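Structure first, then comments.
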Number of protein chains: 2
Amino acid sequence: MFESAELGHKIDKATYDKEVPTLREALLNAQFDLSQKGKFPVIILAGGVDGAGKGETVNLLNEWMDPRFIQAHAMGEKTDEEQRHPPMWRFWRALPPKGKIGVFFGSWYTAPIVRRVLKQTSAAMLNQSIEQINHFEKMLTDEGTLIIKFWFHLSKDAQEKRLKSLEKNPKTRWRVTKLDWQRFKSYDKFRKVSEHALRETSTAEAPWIVVEGADTRYRNLTVGKILLEALRKRIDSANKPSAKDVAPLHEPIDHLNVLDKLNMAQKLDKKKFNAELEKYQGKLNLLTRDPRFRKMSVIAAFEGSDAGGKGGAIRRITGALDARYYHIIPVAAPTEEERAQPYLWRFWRYVPHTGHFNIFDRTWYGRVLVERVEKYCSEADWMRAYREINDFEQQLVDSNIVLVKCWLAITKEEQLRRFKEREKIGFKRFKITEEDWRNREKWDDYERAVCDMVDRTSTEIAPWTLVEANDKNFARIKILKTLCQRIETAMKKIPKD
Amino acid sequence: MFESAELGHKIDKATYDKEVPTLREALLNAQFDLSQKGKFPVIILAGGVDGAGKGETVNLLNEWMDPRFIQAHAMGEKTDEEQRHPPMWRFWRALPPKGKIGVFFGSWYTAPIVRRVLKQTSAAMLNQSIEQINHFEKMLTDEGTLIIKFWFHLSKDAQEKRLKSLEKNPKTRWRVTKLDWQRFKSYDKFRKVSEHALRETSTAEAPWIVVEGADTRYRNLTVGKILLEALRKRIDSANKPSAKDVAPLHEPIDHLNVLDKLNMAQKLDKKKFNAELEKYQGKLNLLTRDPRFRKMSVIAAFEGSDAGGKGGAIRRITGALDARYYHIIPVAAPTEEERAQPYLWRFWRYVPHTGHFNIFDRTWYGRVLVERVEKYCSEADWMRAYREINDFEQQLVDSNIVLVKCWLAITKEEQLRRFKEREKIGFKRFKITEEDWRNREKWDDYERAVCDMVDRTSTEIAPWTLVEANDKNFARIKILKTLCQRIETAMKKIPKD
């Protein structure tokens, strides 16, 4: 992989001086078009051997292009807010919006590679990280992001020569630290691990470009030209990333589905309900006050038919919680800033940090429910969403987040009864809109979408709880009980200290 | 101040049960109207004596109203990201947008009061904090925020009784800690300090409401009714906060202004420029690599005539910096999320944390420049902005942020020359728009706005640097030199350790 980047590539000054002005103008034009017409995010990764020109390249881009629309991210030590979230959270919050360029020095590759070099992880763990990275980048490119990955390389000899020459010059001596020489000692190991990582993540959508870093002019021109070509190609291709053929989803031929199997007649009388409510609210309250809760967090994700009773169920949960530690996220239409980002970005914004309890009133499943049924996105988009969502949830669960997903199911008749009731009662009037009546007409489409959703995203780590919600009391207790059980199970795995 | 809240207010159960359903419906309706029509942010502060019902009140609001549009903030220990920003940053980032309600348990009052009780600060320092709070709340209400400040009070006897009764009951014993009894010992001191703070911050726009906390029913009904009345009043008053009479600004009768006094003929030849550029870029680079720089930060704020050369000047700065630590913020039209917040919110978002260097390409001065001239806001709005901006900048400087504000001045003739030149040169074409030509017609209005801005916001802590920019070389060096000097001076005050 690195052979071509150890050939001693060089560009002479005359050629360089001749080519740069044209290149620069073209880059500026491309950047202008990107912000005006292109309207897609650009991510540039700058990885590689120390001293091969990562930092210099970012400075160069800022010099050649309009630095107002480029944002560089160092991604060094994690802040404590970052530590209290899943590992990818810090990258999600730094993603460039449409029309802008984000440059990452340290990226999602840094930790997996460095940890493996230092033997803190096994080969299998590195491969798992690599797979996650591939999924992440696939999601980004599917969402329209242009990813350009530069790896700046120096041969071992060149690296040694560089460190020595820096040390010789009094002006640059400070730049060489003990750490640099220590790292140099693991050059071979680093090379081996990176090569593996690069090979496994050089995908059709986001291939690595290895650039020899020894000669500044060669490096600059190479980076500039590749960037220009990539930008131009995406801007000029009138088409969006071409729609892919999607294998159709099939309904079971006997039309029997998971919703049909629910026993919708289940009920709880008032007396039993009050006793259970007290019991489980008390339990939930105690659980969230356990010291171990400070090391975990909860996402309660609610979806359900219109008038399914999400709001009431949520209030029975919050009634048991300390208002300082929970946060309800009502999911409505995305804001302008959210529309400029990949679909899942607006949910990453609200991933709770440790010790917190976030309740989503509607969720990222909108993609495979309303957006599918109303055709707000293409079939390819919602089809890939199943995997993207599973990846997302895997990351949550891996970070000690208890993810409880509830679908509140009511029958079509019960929905009608509730709609009519709502229209009558004063303070419920705001709960029923024209749209609710329109959605009702698509009952069957929604039902099918729900069944596909359950089939494809009810996983061992994040199962769906289907809640028979014709009787509100029954539903509320089932939800509280499920929450308690799931939190309790997760808590047992956390050391008490 | 607290006398009326020690009378032993009580509401009997029958009255309570009768009034609550109506109140609740009215609150829900008000909240609905707030999110649909009202469209202003609501801040509820819950302060007061421990155990007087702060937490219970927040839970109550969430139970009675739609919790999806209420967000509670605990504001306990600062995270390290919060520590690396000015003290008010954490509150700015938690402000509710239009149509929503934010409830603050710990608020901007907590630290000043507690510190004074613990004798960590002097009476004068408390008063200074109080003045800052008044400015802050004035700004919020001027921006249309409804602020409701509840102070929950318990007499000393009631407080003691409460702690003892909690201790007696095995179910609630855990709630009483040593810290509670310690705090109880400073009851008198706390009462005295809070009384002073409350009195001084009970303004016409945001008065404190002291509520006796002993009887839950009394407390709940009181809070509910006051909140309802406040919401209703603001929603129903068709008018926005009434436009105030504004004293007109006067131009000097001899029309001589600070811009006229600039010597616009100043120049720097290429040779001198290159030498100075190297010198000051080198110096700037060294300064930002000084270990002390990790404890401070820099904001370089650029304003100037169109085609004044901001972009070029910025690139000469970034050329000296490590791309990992600077961030350029191009200020354009506010996004949807930004428009739902007070004016300064979108700049607070980009206040650098320690060790970082943020460059604003156009700034918060837009309020008193383009928004004034183009009449995007009322006269009262931009008139109050001078003080709001001074308050903002005071907070920045108080947090070891070096604030360098540059106005790049060119003559009307030079602007014309540059506009024409830009239209000719390929990669500069995107720099000139119809709007630039339109703005040019208002040259005199802009000039007057600039002079008023300098008069009112060039302060000792954050002076304006007027840059004679007809000659780009001269301007760039003057800016670099100013930056170096200002950073150097600030750095001297930071201990080396």
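A short reminder: the numbers here are calculations on the coordinates, not readings from a lab. Remember, predicted model here, so these are calculated numbers, not experimental data. Reconstructed Cβ throughout: ideal geometry from the backbone, glycine too, with neighbour counts over all protein chains shown.
From the square roots a ≥ b ≥ c of the eigenvalues of the alpha-carbon gyration tensor of the range B:270-492, which class results: rounded (a/c under 1.5), prolate (a/b over b/c), or oblate? Note, shape of the range B:270-492 comes out oblate.
Each copy carries a label point for A:Gly355 at 7 Å from Cα toward Cβ; from one copy, the others' points are 2.3 nm away, ordered from shortest. Which listed residue (A:Ala5, A:Pro97, B:Met491) has the Cα farthest towards the positive end of the charge dipole for the protein assembly as shown, taking +1 on Lys and Arg C-beta and -1 on Asp and Glu C-beta about the Cα centre? The residue sitting farthest along the positive end of the dipole is B:Met491.
Computed about its Cα centre, the charge dipole of the protein assembly as shown is approximately 2660 debye, with only Lys, Arg, Asp and Glu carrying charge at their Cβ. On the beta carbon distance between B:Ala380 and A:Ala332, with R0 = 41 Å, the FRET formula returns roughly 0.80. Computed from label points 7 Å out along Cα-Cβ, the spacing between A:Thr411 and A:Asp444 is 1.9 nm. Against chain B, whose longest principal axis is taken from its Cα atoms, helix B:156-168 shows a tilt of about 70°.
Roughly how many debye, to the nearest 20, is the charge dipole of chain B about its Cα centre, given +1 on each Lys and Arg Cβ, -1 on each Asp and Glu Cβ, and no other charges?
Working: 89 positive and 72 negative charges, 369 e Å.
Here chain B has a charge dipole of around 1780 debye.
Between A:Thr433 and A:Asp236, residue separation times 0.36 nm minus the direct Cα-Cα distance comes to 66.6 nm. Counting only lysines at least 8 places from B:Lys375 when in the same chain, those with an alpha carbon closer than 23 Å to its own are B:Lys39, B:Lys98, B:Lys138, B:Lys240, B:Lys244, B:Lys412, B:Lys442. Across chain B, Cα pairs under 8 Å and at least six residues apart give a relative contact order of 19 percent. Near the amide H of B:Gln71, within less than 5 Å, lie the amide hydrogens of B:Ile101, B:Gly102, B:Val103, all on another chain or at least 5 residues away, with H placed in the peptide plane. Between B:Pro330, B:Leu228, A:Ser297, the Cα set farthest toward the positive side of the dipole of the protein assembly as shown (charges on each charged residue's Cβ, about the Cα centre) is that of A:Ser297.
Put in line by how crowded their Cβ is, counting other Cβ atoms within 10 Å and starting with the fewest, A:Val331, B:Val49 read A:Val331, B:Val49.
Across the options B:Phe69, B:Ala307, B:Ile113, the greatest Cα extent toward the positive end of the charge dipole of chain B (unit charges at beta carbon of Lys, Arg, Asp, Glu) belongs to B:Ile113. Sorted from shortest to longest, the distances between the B:Gln485 label points of this copy and the other copies are 7.3 nm, with each point 7 Å from Cα along the line through the beta carbon.
Rounded to 0.05, the FRET efficiency of the A:Ala123 and A:Gln182 pair, given R0 = 35 Å and the Cβ-Cβ distance, is 0.95.
With respect to chain B, whose longest principal axis is taken over its alpha-carbon atoms, helix B:472-492 is tilted by about 40°.
From helices alone, the protein assembly as shown scores -15000 deg cm²/dmol at 222 nm; the rule is -39500 (n - 2.57) for each run of n ≥ 4 DSSP H residues, then divide by the residue total.
Only Lys, Arg, Asp and Glu carry charge here, each on its Cβ (+1 for the first two, -1 for the last two); on that basis the range A:270-492 has a dipole of about 1200 debye about its Cα centre. Shown in residue order for the range A:48-65 are the 3J(HN,Hα) couplings computed by the Karplus curve 6.51 cos²θ - 1.76 cosθ + 1.60 at θ = phi - 60°: x, 6, 4, x, 8, x, 4, x, 4, 5, 5, 4, 4, 4, 5, 7, 6, 10 Hz (x for Gly and Pro).
Taking a threshold of 29 Å on the Cα-Cα distance, which of the pairs A:Lys424/B:Lys233; A:Lys54/B:Lys492; A:Lys10/A:Lys189 fall above it?
A:Lys54/B:Lys492
The range B:439-495 and the range A:428-481 have Cα centres spaced 59 Å apart.
Roughly how far apart, in whole Å, are the Cα centres of the range A:57-132 and the range A:312-349? Rounded to whole Å, the Cα centres lie 26 Å apart.
Extension gain, A:Ile425 to A:Thr354: 0.36 nm times the residue separation minus the Cα-Cα distance gives 21.6 nm.
Computed from Cα atoms, the angle from the helix B:187-201 axis to the main principal axis of chain B rounds to 50 degrees. Across the range A:3-236, Cα pairs under 8 Å and at least six residues apart give a relative contact order of 35 percent. Straight-line reach only, C-alpha to C-alpha below 16 angstrom: list the lysines that A:Lys271 could link to, leaving out same-chain residues fewer than 8 apart. Here the lysines satisfying the reach criterion relative to A:Lys271 are A:Lys279, A:Lys472, A:Lys478.
Label-point spacing at A:Lys171 relative to the other copies reads 7.7 nm, in ascending order, each point sitting 7 Å out from Cα along Cα→Cβ.
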